[in-house]
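The structure under discussion appears below in the form of structure tokens.
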Amino acid sequence: MTSESVSTDPGRFDPVTPPDEGIRAQAEARQLQLTKPAGSLGRLETLACWASACQGVCPPAPFARARVVVFAGDHGVARTGVSAYPPEVTAQMVANFVGGGAAVNALANRAGASVRVVDLSVDGDTDPSVSTFKIRRSSGAIDREDALTHEETLKAIEAGRSIADSEIDSGADLLIAGDMGIGNTTPATVLIAALTDTEPVAAVGRGTGVDDAGWIRKTAAIRDAMRRARPVLRDTVALLRTVSGADLAAMAGFLAQASARKTPVILDGVVVTAAAMVAEELAPGARAWWLAGHRSTEPAHTIALKHLQLDPLLELDMRLGEGSGAVTALPILQGAVATLAEMATFAEAGVSTRDAEDDSGSDTGTDSGTGTDSATDTAG
């Protein structure tokens, strides 16, 4: 797949081509021929058909180069006490990602994915290997000022597009966006609540684990930022400028470009899904290329998933970010692909189907679709 030409306006995307419905139909037909009762693998069957449609081939191939990109950035609103951790942690965690010591590194190693971290707006110095796309040091405090300038917003979106292109051109066949930034659930919640017209108290969560006083401060900051967001709700780039951050704007560009490049994505938690909502505004139809890896404990995440009409694969009470929930879901997707690609058909295995039994007039006393009681027991 070659890189698509980037518009002179980074905020404009070509219409998104959906996954191949003809191939999806072939995959669904193949599911009916595999040695199992129809529908007995539940959502694994749906996932496998989705993967097949995304790849444009049936049966699908295993994802050979899954890539996690962690977008790091600080937020001025964190200085108002909306997080349980100090902002200095962001730069420290970026170094931890580079050194392979974070949760997402461990999970990605186990799932067969690799991890890249990119500094968009960390309020500190980071290794030159991760700061190529750095826009600024910390985004603005969104409850009282814009997160970015217009030029910085466009630069961040373009950075996300370029990162997606570089990963896809290097052979990535599945992408995962992760986040790292103290206070980043605050702008994420502002974006979700503003775009869905949700009251702040219904959307605000505990983030990294703030106490009641911190939750009150966070709710007030989100309320004030939402007031600033209302005049620009219909202008997606202006919305990002006003109440997001360089990391979120870059994530939105990354997710939109991945869909434009016909590359599937597993979404992570509330921060990434907030960026996904904006990406869908930038590139309508992009969500057809996404899976929701999990549902976090943040109330705004459920609101965002419902808005995008995405059903998460896992519910493990996770709220870390980093891409950790999405990476945890990756082996499930790989397993789904394996069932469609590697299982034998009834004809290949010489297993009778119920149709064949009906034609012969036999009655085994089972409706499993495999023709034997023992096969029913094996299939569960």
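Calculated accessible area for the chain comes out at 41 Å² per residue, all protein chains present (probe 1.4 Å; ligands, DNA, RNA ignored). Centroid-to-centroid, using Cα positions, the stretch 113-128 and the stretch 167-193 are 13 Å apart.
Cα-based radius of gyration for the stretch 173-240, normalised by 2.2 N^0.38 Å, reads 1.21.
Net charge near V327: determine it from the other residues with C-beta under 11 Å of the C-beta of V327, scoring Lys and Arg +1 and Asp and Glu -1. My count for the surroundings of V327 gives 0.
The share of accessible area on the stretch 271-359 that comes from carbon and sulfur is 48 percent, using a 1.4 angstrom probe.
Semi-axes of the equivalent ellipsoid of the stretch 136-294 are 26, 17, 14 Å, computed as sqrt(5λ) over the eigenvalues of the C-alpha gyration tensor in descending order.
Using θ = phi - 60° in the Karplus curve 6.51 cos²θ - 1.76 cosθ + 1.60, the 3J(HN,Hα) couplings for the stretch 246-262 round to 4, 5, 5, 5, 5, 4, 4, x, 4, 5, 5, 5, 4, 5, 4, 8, 6 Hz; x is entered for Gly and Pro.
Heavy-atom accessible area for T153, with the other protein chains in place and a 1.4 Å probe, reaches approximately 0 Å². For the chain, the antiparallel share of DSSP beta bridges with both residues in that region comes to about 5%.
Of all stretches in the chain that contain no trypsin sites (Lys or Arg not before Pro) in a DSSP loop with at most 16 other Cβ atoms within 10 Å, the longest one is 235-380.
Determine the calculated [θ] at 222 nm for the chain from helices alone, applying -39500 (n - 2.57) to every DSSP H run no shorter than 4 residues and normalising by the residue count; nearest 500 deg cm²/dmol. The helix contribution divided over the chain gives -14500 deg cm²/dmol. Here the Karplus relation 6.51 cos²θ - 1.76 cosθ + 1.60, evaluated at θ = phi - 60°, turns the backbone of the stretch 330-337 into coupling constants of 4, x, 5, 4, 4, x, 4, 4 Hz, with x for every Gly and Pro.
Each Cα pair under 8 Å and six or more residues apart adds its sequence gap; the mean of these over the residue count of the chain is a relative contact order of 24 percent.
Ranking C58, C49 from most to least accessible surface, computed with a 1.4 Å probe over the protein chains only, gives C58, C49. As a fraction of the 1.4 Å probe accessible area of the stretch 90-130, surface on carbon and sulfur atoms comes out at 47 percent. Only protein heavy atoms count here; on that basis, with a 1.4 Å probe, E152 has an accessible area of about 40 Å². Across the chain, the fraction of Cα-Cα pairs farther apart than 27 Å, rounded to a whole number, is 48%. For the stretch 52-63, 3J(HN,Hα) computed residue by residue from phi via the Karplus equation (6.51, -1.76, 1.60; θ = phi - 60°) reads 4, 5, 5, 7, x, 8, 10, x, x, 9, x, 6 Hz, glycine and proline entered as x.
Straight-line cross-link partners of K134 among the lysines, defined as a Cα under 22 Å from its Cα and at least 8 positions apart when in the same chain: K155. Distances between placed amide hydrogens fall under 5 Å for V115 paired with V68, all partners being 5 or more residues away or on another chain.
The values are calculated or read from the model by the stated rules, or taken from the named source; none is laboratory data. Note that the structure is predicted; figures quoted are calculated from it, not measured. FYI the Cβ positions are ideal-geometry reconstructions off the backbone, even for glycines, and counts take in every protein chain you see. Heads up: the accessible areas ignore ligands, DNA and RNA and are worked out on the full protein's heavy atoms, side chains in. Shrake-Rupley method; radii C 1.70, N 1.55, O 1.52, S 1.80 Å.
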